[in-house]
Structure formats: C-alpha cells, structure tokens
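Taking it in order: structure first as structure tokens, then the write-up.
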Amino acid sequence: MKKLGLAVAVSAALGVGAVHAYTVAVPDDGVLVPNVIHNGGADTTAIMLTNHAQSPVWVYWTFFDEDSVHLVDGQFRMTENDMQRVVWSEVSGVGLENQRGYLVFMVGASATDPTPREGQDLISAAAFQADAFNNDAIFIPTFPINDADLEAGANLTTLDEDSLVSLASGAPAGSTVDMRYEIPGDFESSVLLWSTGGLDDRFTVNMFDDNQNRQSVNFICEFDELCFVDPQDILGRPANFLSGYIRFVTAGTDVGDFVSYTAIRGTSFPATQTVLNPHYGAQQNGGPTPPPPPPPPAP
C-alpha cells in the first residue's frame, strides 16, 4: 500500500495522462533523437533501432549540435527484422564529450547512394540516457521523420541546419505548448525544446502554478534548435511557484515545428520521469486553428 500510495502521489505530481498529439513509436523513413550527450560510458545516450522491413537497409546518421551544425556522421547496415544498438559514447569519436546535440537517422537508398529511400516506413527507435552515477535510465522520446520533412535533394552525408525543414510527427509551427515544471524540493525538472529553427531568442510567456495563479515572465534560449529551460532560474518567478506549467505560444515567433518534454526527478522517489508536454492550437500545416462555427439560430 505504501508503494501504491507513492506511485499515485508521483502520478498526480507529474500530471501523468496529459493529452498530446505527437507521433511516437511509429516506423518511418527516419527518426529524430532530440537530446543526445555523453560524459563517458557511465553517462551516455543509448539508442536501439529496429528495422521493420523484410529486407536489409542502410541507415545514415548525423549528429548536430544545438545550433544544428553538422559535427559527425556515419552509416551502418541493418538486416531484415534487425535491431541495432547505438551507444553514443562508443560511436561519437574523440572530442565530443559533454557536447550536447541531437541525432537524425535516415534510411538511405543504398550503401553508396546517400539519398533517402522514399516511400518506406522502415525504422523506429527507443532512447535512454544511461546514468550510472545516479543509477538511473532517463527515457528520451523519439520522433519519426518522413522523407517529406527533408529539403528536396537532400544528401544524407551532408545534412546541415537547413536540411530538416519540417517535422510532421511534432507540434506544428504556431502551436501553443504547456511545459510542465517542478522546482527543487520533492522534485526538480528540466524542460527541453527542440525545433526546426527559431529558438535563439527571448520569449515572453505566462507561468502558472498549481493553484491557477499566473505570472508573466521571460525565458531565453541560447541556441537555435535545441533549448533547455531551467524553471528555477527564470527571473521574476514568484517564490511560491514551485509546481505548474509554462504556457509558450509560438504563434508570431520564428519557431518552426517542435517537440517538448520535461524530465522530472524526485528526491523521495529517486528516478527521472519524462513527461511529454501537450500542445494545441495550430493545424498540422502550420496555420491557425479556425474558430468554431456559430451556433444555429434559435427556432
């Protein structure tokens, strides 16, 4: 009963069950791992890819930094129904310790043709941050990439900051996202935003606590496509705003298609939980959601 009570308390605190519309766990032409870093083998991102096709495929991967600068890439072959483990500390090469970024995996036409293999929903991925120091494994959501998300004529060995022009599996540009937060106490949190661009800016947002109180504040993203927000460091946050969410309206900004989640670690429940942050308010084509039709006239 004590364990059950703790589980219920954790679920209530984290807001488990929030509705969102991201697409995850669906095979596609490629996959995005939005948060990748290693500090040696004891603290590293680990990814397991699955080839769902009944034939071999060639997978091309690229690691980008937070501004989508192409740092390193490679490729490997997967046989039919194969699973491939990628431990970032083992494959990143020298000099990338403590370098945060993200990984894009795409199925190429062949071993010697690094153009996308079109029209095939082939691979999926699961990712975790393996943290031996804290005896923790932090779930990292992964998102399908379709060939249509890439610029026309993309070469999978020379992808750059302009190559990923959309992310149909994410939140469309113009969406509003409610980003969950917990300030150190029983819990602490880190909010992640990944976007196809436009994050390098100062944003004015409404911050709510868990009693519906509101405060207008600002947060700053230092990088263009991968941003971490530490709720504790937001200037002007009321001291008693310890649990709640930050409402980020991307309409009117340069932020493109995006994904967002919050990693929340407990003290009495020492494990990190990942909460996808719900988004709403824009159509998948990026346009605003039309208003509801007027009510019918009274009889």
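The values are calculated or read from the model by the stated rules, or taken from the named source; none is laboratory data. Not measured: the values here are computed from a predicted model. Cβ atoms come from the backbone with ideal geometry, glycine included; neighbour counts cover every protein chain shown. Side chains included, ligands, DNA and RNA excluded: accessible areas come from the protein's heavy atoms. Shrake-Rupley method; radii C 1.70, N 1.55, O 1.52, S 1.80 Å.
Summing charges over neighbours of Ile220, with a neighbour being any other residue whose Cβ is under 10 Å away from its Cβ, gives -3 when K and R count +1 and D and E count -1. Centroid-to-centroid, using Cα positions, region 197-276 and region 127-149 are 20 Å apart. The heavy atoms of Met78 present about 0 square angstrom of accessible area, all protein chains included, probe 1.4 Å. Taking the chain as a Gaussian network of alpha-carbon nodes connected by springs under 10 Å, the highest mean-square fluctuation of the residues Thr50, Thr262, Thr142 belongs to Thr50. Principal-axis analysis of the Cα atoms of the chain puts helix 2-14 at an angle of about 90° to the longest axis. A Cβ-based charge dipole, computed about the Cα centre of the chain with Lys and Arg at +1 and Asp and Glu at -1, lands at about 1200 debye. On the principal axes of its alpha carbon atoms, the chain extends 60, 58, 39 Å, with the longest extent given first.
To put it simply, the accessible area of region 196-243 at a 1.4 Å probe is 40 percent carbon and sulfur.
Taking Lys and Arg as +1 and Asp and Glu as -1, the other residues whose beta-carbon sits under 15 Å from that of Ala132 total -4. Its Cα centre serving as origin, region 48-115 has a Cβ charge dipole (Lys and Arg +1, Asp and Glu -1) of approximately 180 debye. At the residue level, Ser243 shows approximately 20 square angstrom of accessible surface with a 1.4 angstrom probe and all protein chains present. Whole-Hz Karplus values for region 213-221 come out as 6, 10, 9, 7, 9, 10, 10, 10, 9 Hz, taken residue by residue from phi with 6.51 cos²θ - 1.76 cosθ + 1.60 and θ = phi - 60°; glycine and proline positions read x.
Over all other residues within a Cβ to Cβ distance under 12 Å of Asn155, the charged ones net out to -4, with Lys and Arg as +1 and Asp and Glu as -1. At a probe size of 1.4 Å, how large is the accessible area of Val165, to the nearest 10 Å²? Estimated to the nearest 10 Å², Val165 gives 80 Å².
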